[in-house]
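Take a look at the structure below.
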Amino acid sequence: MQIQVNGQAMEFGDGATVSDLIQRMELEGKRLAVEINEDIVPRSEHARFTLSDGDQVEVVHAIGGG
Amino acid sequence: MSEHAEKPLPEDKPLEIAGRVYKSRLLVGTGKYRDLTETGHAIETSGAEIVTFAVRRTNLGQNPDEPSLLDVVSPGNYTMLPNTAGCYTAKDAIRTCKLARELLDGHNLVKLEVLGEEKTLYPNMTETLVAAEALIKDGFQVMVYCSDDPLLAKRLEEMGCIAIMPLGAPIGSGLGIQNRYNIRLIVENANVPVLVDAGVGTASDASLAMELGCDGVLMNTAIAQARDPIRMARAMRLAIESGRHAYLAGRMPKKLYASASSPIDGTFF
């Protein structure tokens, strides 16, 4: 299945979770937040929340700003 | 110390935001620095205890070992204040705040700013009011960037915003406080902290904000884009303290003509 992550297409096998996505992005252990189709997916649910074809995923972090 | 040691002054009421008390009345942003080392050093020198940051997409394919902002500005040492910079609609600002809350494990203090247009980054107050209402309903503690309109400032306070943050001049312009009369009116009417957010260019601008009775100042570019940001961070720290002391001391009245400082009696010429 294909999902959009931060505006870019990524391929995943069926049953992939948010944790799998974070692992693929090499962001494990980083402080970040995940939103799927404009709903927050809390950190506590990353391991069991499965991705679906066509999901729009945003992975965000803190950066410098005023 | 010598016998001429400074006499301690009566203590100032500290700045209180969302139930927490702060010694510093300077709040700083984390953007526009040369690198993260400079960011960390400048912020430390500024003495700021509340630090604002932006929320953005992680870059796909970026080096995962690269240090991140939260490595140099640790949430353990500072009150982190996520902002909604770059949002032009209430919807985007609300989304950003929810992501920030998740990012910071449920921390619900946010700096709301909804911008109107790119050239001036002037706040879109209609969207700001919509976003503020929704965020407060959702349990956020909202510090709100706003225009310097005293009526709108009061309305935001009545809605439940915990700090009112009118601009002194457009974000990043460094023009200083353009309408000190409005800032003064907002301060006089407010029962929550009022902080000038945006427009400060140099130390005297920060002092002026404090002399007008503001509870604090939030700035970023004035420090980050100074030739020597670390020294400017120190200047701002001192300026905020000076301005606050001057406000508490109560300035002398302005007069149109001179009034001699030396006695007129006893002259021998």
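The values are calculated or read from the model by the stated rules, or taken from the named source; none is laboratory data. What you see is a predicted model; the values in this text were computed from it and never measured. Don't worry about glycine lacking a Cβ; one is built from the backbone with ideal geometry, like all the others, and counts go over all protein chains shown. Just the protein is used for accessible areas: all its heavy atoms, side chains included, with ligands, DNA and RNA removed. Shrake-Rupley method; radii C 1.70, N 1.55, O 1.52, S 1.80 Å.
Computed values, structure above
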read-out: Normalised contact order of chain B, rounded percent, pairs of Cα under 8 Å and 6 or more residues apart; value: 17 percent
read-out: The protein assembly as shown - Rg and Dmax from Cα coordinates, angstrom; value: 23.1, 101
read-out: Debye intensity ratio in log₁₀ form over the Cα atoms of chain B, taken at each q of 0.13, 0.17 Å⁻¹; value: -0.84, -1.41
read-out: Net +/- balance of residues flanking B:GLY199 in space, Cβ distance below 12 Å, scoring K and R +1, D and E -1; value: -2
read-out: Surface/4 estimate of mean projected area, convex hull on alpha-carbon atoms of the stretch B:72-198, nm²; value: 7.9 nm²
read-out: Too-long pairs where the Cα-Cα distance tops 30 Å, listed order kept, from B:LYS32/B:LYS254; B:LYS23/B:LYS154; B:LYS7/B:LYS254; B:LYS32/B:LYS137; value: B:LYS32/B:LYS254; B:LYS32/B:LYS137
read-out: Chain B: antiparallel DSSP beta bridges as a percent of all, rounded to 5; value: 15 percent
read-out: Of all DSSP beta bridges in the protein assembly as shown, antiparallel share, percent nearest 5; value: 45 percent
read-out: Alpha-carbon spread of the stretch B:144-269, three principal axes, descending order, Å; value: 65, 38, 20
read-out: Counted charge near B:LEU115, where neighbours are those whose Cβ lies closer than 14 Å (Asp, Glu -1; Lys, Arg +1); value: -3
read-out: Shielded by partner chains, the stretch B:27-61 residues - at least 30 Å² of accessible area, 1.4 Å probe, vs chain alone; value: B:ALA54, B:ARG56, B:ARG57, B:THR58, B:LEU60
read-out: Between 0 and 90°, nearest 10: helix B:90-103 axis offset from chain B longest Cα axis; value: 90 degrees
read-out: Descending Cα extents along the principal axes, the stretch A:11-66, whole Å; value: 40, 22, 22
read-out: Sulfur and carbon atoms: percent of accessible area, chain A [1.4 Å]; value: 42 percent
read-out: Fraction of accessible area attributable to carbon and sulfur, chain B (%, probe 1.4 Å); value: 50 percent
read-out: Threshold 50 Å² - residues in the stretch A:22-66 whose accessible area is reduced by that much or more when the chain is no longer isolated, probe 1.4 Å; value: A:ARG31, A:GLU35, A:GLU38, A:ILE40, A:ARG43, A:VAL60, A:HIS61, A:ALA62, A:ILE63, A:GLY65, A:GLY66
read-out: Unit charges on C-beta of K, R, D, E only; dipole of the stretch B:170-269, Debye; value: 160 debye
read-out: On Cα atoms only, tilt of B:125-137 relative to the major axis of chain B in degrees; value: 70 degrees
read-out: Total accessible area lost when B and A pair, probe 1.4 Å, Å² to nearest 100; value: 2600 Å²
read-out: Surface per residue (accessible, 1.4 Å probe) for chain B, Å²; value: 53 Å²
read-out: Accessible area expressed per residue, chain A, with surrounding protein chains retained (probe 1.4 Å, Å²); value: 50 Å²
read-out: Spatial separation of Cα centroids for the stretch A:38-63 and the stretch B:184-253, in angstrom; value: 40 Å
read-out: Rounded tilt (10° steps) of B:180-189 against the dominant C-alpha axis of chain B; value: 80 degrees
read-out: Given charges at Cβ of Lys, Arg, Asp, Glu: chain B dipole, positive-most of B:ALA226, B:VAL21, B:SER259; value: B:SER259
